[in-house]
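Each value in this text was obtained by applying a stated rule to the coordinates, not by laboratory testing. Small disclaimer: the values here were computed from a predicted structure and weren't measured. Methodologically, a virtual Cβ is constructed for each residue, glycine included, from the backbone with ideal geometry; neighbour enumeration extends over all protein chains shown.
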Amino acid sequence: MRCLICHEKTQAKLSWGAIFLGSEEELVCERCEGGLELINGEQCELCSRVLGNTWRSSTRPICIDCERWTRHKTAQDLLVKNTSLYSYNETMKEWIAQYKFQGDAEIGCYFSNKLKGFYAKNFRDYSPVLMPLSNERLHARGFNQVELITKEWLAPAVTLGRMESEQQSKKNRKARISQINQSPFYIQSGIDSMKTLKKVVLLDDVYTTGTTVRQAAYVLRKHGAEHIESLTLAR
């Protein structure tokens, strides 16, 4: 068998589940998978960032960024927490770039399997909402990276739309934080379902500053959602 990532020959590890249930094996070699860092150990209880002296708050087990969010009048209660599976290290950056900008189906399949298992275990009683792309970026890329890896096992009752806006990466931190209530998001479909959505999980590929998911949470809160978390592949 060949590794889905580097395409070198690899020894398949068959499980009893694969033999009796016909489940798909994740044929990724140890070298490729070894570059990924699962988030474990001491981490920020609000965003999953691995804590170190640089990022630690002096008062509680949260990072400095999240401590600032807790002091923000508008944003402090929008997002209960973010959970990420992997650290956004160089390997993960390469994988996500290869998936998002080259449409690598094998990497997409790998991400889908990992996210599906974690979601089923931890968010079964939540209503999923996918983070959208603007029409401009969707047209340029050709697909929504989160929708593509979840479409086989998620059926969101509510979908968000996104107006064209300047990318967060082009703004400084102060500008990002000040614009939480100037959300580019809106309820695109399923607005009637918002009346019954109490626990919501926003799904995205990467959590960076936390501004984008909070802008989405701001809109969902306005329409009745009471408890909002986010789940991302990487932090």
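Its relative contact order, with pairs defined as Cα atoms under 8 Å and 6+ residues apart, puts the range 39-234 at 25 percent.
Taking the Cβ of each residue in 48, 183, 112 as the centre, tally the other Cβ atoms inside 10 Å and list the residues starting with the fewest. Intermediate values should be presented prior to the final figure.
On the way: 48 23, 183 20, 112 17.
Fewest-to-most Cβ neighbours within 10 Å comes out as 112, 183, 48.
Between residue 192 and residue 141, the FRET efficiency from the beta-carbon distance, with R0 = 45 Å, is close to 0.90.
Shape class of the range 39-234 from the Cα gyration tensor (axes a ≥ b ≥ c, square roots of the eigenvalues): rounded, since a/c falls below 1.5. Sequentially through the range 100-117, phi angles give Karplus couplings (6.51, -1.76, 1.60; θ = phi - 60°) of 6, 9, 10, x, 5, 5, 5, 5, x, 5, 4, 4, 4, 5, 5, 5, 4, x Hz, Gly and Pro residues having no value and appearing as x.
By counting other Cβ atoms within 10 Å of each Cβ, how are 101, 123, 185 ranked from fewest to most?
101, 123, 185
Taking other C-beta atoms within 10 angstrom as a stand-in for reagent exposure, 65, 77, 192 fall in the order 192, 77, 65, fewest first.
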